[in-house]
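The values are calculated or read from the model by the stated rules, or taken from the named source; none is laboratory data. Just so you know, these numbers come straight off a predicted model, no measurement behind them. Cβ: placed from backbone, ideal geometry, glycine included. Neighbour counts: every protein chain shown. The protein model used for the area step is the full one, side chains on, heavy atoms only, and it has no ligands, DNA or RNA in it. Shrake-Rupley method; radii C 1.70, N 1.55, O 1.52, S 1.80 Å.
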Amino acid sequence: MVNGISTTAFDEYLLQKPSVQRYPPLDYYDNIRKIMSKLQPEGMTEIVLTGTSGAHALEMAIRNAVLMFNKGSNVTIMTFEGASNGRTLGTLGLSQETRLLKSLPSIETVSVPLPRAKLPVSRHEAENEESESKALKYIKSVLESKMKDKPVAAIVVEPIQNRGNYFATFNFYKNLRKLAKSYGSYFIINETHTGCGATGKFWASDLWGAKDPGDFLVFGKKCQVAGYFTKVENRPSQSYELADSWNDVGWSCLLYTSPSPRDSCASRMPSSACKKKKKKK
């Protein structure tokens, strides 16, 4: 770290810190992409660094999901009983922080039970399958009931419930993901507590063995920086739809490795993603 501080690159980054997201050094996005691309979950090539906390990153991911879901309509966010998704105003509504919730308003949420896996899983396959089938059936009924009024724009799930320290089987999360897709709900995996190698894998959701685990993966705490991974199709078409007053801290950026399907402009892309293909003669 001491050697890094003595470099010319550090001086350049320090000088541009107040406007690093709007006017970053030429190699800024590429350097971050080289580091973060090694950690990207299956199917998620885009990275948004919020630079503050896991709760703030989750709020930004929800904001991103709602923008993509349907602009201008009232929606619901689904979470699970026993969740602890943060202590900002928005994420408190997705957490079981009853003491704090009593005096604060919250966003429109619906909380459903998460089936607790009986361990060891190999000895309780039938019991776990029965309880998880009932849970998925109930979740489906909630999704169905919300369709006409305030549809569920996103389902937020922790691989391990922070309040209670329990989880479902890997099959449950994969089936929940499929159910979310069938109703057009975005699937947000909150790895603020479980990420960065806490479970033997860098991301706990890697243990599910899913080729398409989710639409967003949120991280923070042990990662030393907060943000989320997502897919290129979830990139908003306008530059500042995800920007806020925190976006000028030195480590914050909206990094996309390929242009949005809704936006033909590639001017905000990292230089490595903006290379024009040579026309064949």
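General observations
- Remark: spin-label model distance residue 69-residue 127 equals 3.5 nm, labels positioned 7 Å along the Cα→Cβ axis.
- Accessible area of residue 69 in the full protein assembly, 1.4 Å probe (Å², nearest 10): 50
- Bins of 5 Å from zero: percent of alpha-carbon pairs in the stretch 169-217: 5, 22, 30, 26, 12, 4, 1
- Fully extended contour minus Cα-Cα distance, from residue 224 to residue 238, at 0.36 nm per residue: 2.2 nm
- When each of the peptides 53-62, 154-163 is scored by how many other beta carbons lie within 10 Å of its residues on average, the order from highest to lowest is 53-62, 154-163.
- Peptide ranges 131-140, 202-211 listed from the most packed, as the mean C-beta count within 10 angstrom indicates: 202-211, 131-140
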